[in-house]
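The values are calculated or read from the model by the stated rules, or taken from the named source; none is laboratory data. All values reported here derive from a predicted model rather than from experimental measurement. Heads up, the Cβs are rebuilt from the backbone with ideal geometry, glycines too, and the neighbour counts pull from every protein chain shown. The area values use the complete protein model at the heavy-atom level, side chains included, leaving out ligands, DNA and RNA. Shrake-Rupley method; radii C 1.70, N 1.55, O 1.52, S 1.80 Å.
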Amino acid sequence: MTTAAENFFRQFLRTYRSIFSVHDVSEVFTTMGIKLPEDEIVRYLELNPYVFSLEQDFYQTKAGAFTDAFFSFKPEREEVAQKYFIVGDRCMPFVDGTAISSSLNFVYKNDYLPTKTIEIKSCEAVKYFSFFGEEYVSQYIAADPANRQLNLAQTDFELPQKVKLTVFSFAPFFDDLDFKYGDRILCKVLNWDSGKIAVEPVRAHKKDCLKIERSDVQRSDWYRNLETCLLEDFSSIGPCTSIEEQLSNVFYENRNRLCRRNCGSLHEFLNFTRKISFEAFGVETRLWFSGQDVPAVGSWNDSEVKNYGMLSDKIDFMTPDSFSFPDYILDAFAKDQLYAQNENVKAVLDDFIQDPDLLSDKGRIDLLLRLAHRNVIILKEYNWFADFRLGFIRHSVLQLFFEISKSMYRIDSLGIDLRVFPQQDIVILSQLFNHVTSILDAVENDPASIMEDSEAVMLSIGGMNDNFEDIEGEISAVVKKERENGFIVIG
């Protein structure tokens, strides 16, 4: 797909609101003079985070799913006293999950709410970002433009005692309502692409605290409905790639029950439920059954694990006779040889792939030929001096990529039930693979972003190396044991 086609596709998915088919997309592209095979459209849609897959090969964008959707939150005492609110994760999952929360726009009576910058203790700020996952909170806070001077790489991703946050003033509410702690802010998405959200105050405080309003009952029902929906989702599809994705699925599938005016908020929901909480999922966090680690294997992928191996889809380019790398990995490999100033392609390959079980003689020859071909093409424009800093990052991440891939391949080649392995170790291994391939992809396709955050990237690679070393020993021990159990002595 060309860059122009991909940009058009991305904008289409950010703005189109009706349910559509692959054929519909193909026709839109044709009117723009762009020809795309339908199988390529399907692949793009299935992997795109802005799209929900429906039955009978239909799709709907998040823009279509959540435009006009209602959600709400209750400002904290300090926020009410100062007449501002911190956005944080409060708009999840109704807005673009990649957008910085302070970049959203809130509208009250056709006027945009003004912003200002506050300073706040880090320990108080983190609670507003908890649904992004504990492991990412510091990065989301640091991404606020008010913290542009904050360099997390220099503090090992630890926040200072105080941080700055961009907040939104809801002082205009007080002109129309005696807004107090306990009152709510009701939100409705107006434009998903631009992050435009309508807000209005909702009186919830009462002179008679014993009087139960109809809205109170409906909000209690909302908490029970959300709990039921999440528990069913955990059992049917298991953990998603993020908390945001899990919530997106649940709110989309149950939007008639959950996206209504008398709704609660996610933070209040966690105070309501005793069955769901933040739980460990490898090196990340997920919403899950309270008190239980999130496993790698469950009812949602049991047949997949037994029949194919859970890791097969990640390393389907790896067989002993063929390493059909994605182009960005092959190019990274070829550039690494040029970076090392080593004309012996075989020596560079041997440095990464030393295990004979990992690549047969035939597979090695095929890969050498592909690398030699890519080298000829890349060499025409390659500049060692310009690549010096990026080349070091590339080499470091390639080494880790091959170590992780080797471990995954050895597990998958056993063809056994993954439940014999420590579950959190398998989860971490899969997460490390995802992270390391995303860095490799960025090194080749978005090198400017890598260089801009080179210090943080190298710190991340170092952390992933440590995580891999922590789990590799126990995984190797299980692999060795299962291989020994696989031998049958015939006497």
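For the set K109/K180; K62/K121; K346/K480, the pairs lying more than 25 angstrom apart at their alpha carbons are K62/K121; K346/K480. Ranking T437, T31 from most to least accessible surface, computed with a 1.4 Å probe over the protein chains only, gives T31, T437. Sparse packing (at most 10 other Cβ atoms within 10 Å of the Cβ) combined with a DSSP loop state is found for the following trypsin sites (Lys or Arg not before Pro) in region 380-465: K380. Per residue, the solvent-accessible area of the chain (1.4 Å probe, heavy atoms of protein chains only, all protein chains present) comes to 51 Å². Stretched out straight at 0.36 nm per residue, the stretch from V202 to E40 would grow longer than its current Cα-Cα span by 53.6 nm.
With respect to the chain, whose longest principal axis is taken over its alpha-carbon atoms, helix 388-414 is tilted by about 80°. Annotation note: trypsin sites (Lys or Arg not before Pro) in region 107-194 located in DSSP loop regions with a Cβ neighbour count of at most 14 within 10 Å are K109, R148, K180.
Against the set [x] 53, 51, 46; [y] 73, 57, 49; [z] 83, 60, 53, the structure's computed Cα extents along the principal axes in Å falls on [z]. Here the accessible area of region 397-491 is 51 percent carbon and sulfur, with a 1.4 angstrom probe and all protein chains present. Between Y382 and R274, the simple spin-label model (points 7 angstrom out along Cα→Cβ) gives 6.4 nm.
Here T155 and I100 are evaluated by their C-beta separation; at R0 = 25 Å the FRET efficiency comes out at 0.80.
Counting charges near E79 (Lys, Arg +1; Asp, Glu -1) among other residues having Cβ under 13 Å from its Cβ returns a value of +4. The loop-placed trypsin sites (Lys or Arg not before Pro) in region 35-81, going by DSSP, that have at most 11 neighbouring Cβ atoms within 10 Å of their Cβ come out as K35.
Computed over protein heavy atoms with a 1.4 angstrom probe, the accessible surface ordering of H373, H435, largest first, is H373, H435. Heavy-atom accessible area, probed at 1.4 angstrom with all protein chains present, ranks I378, I404 as I378, I404, highest first.
Selection among P172, I141, C263 by position relative to the dipole of region 136-282 gives P172 as farthest towards the positive end (Cβ unit charges, Cα centre). Taken about its Cα centre, the chain carries a charge dipole of about 1900 debye when Lys and Arg each add +1 at the Cβ and Asp and Glu each add -1 at the Cβ.
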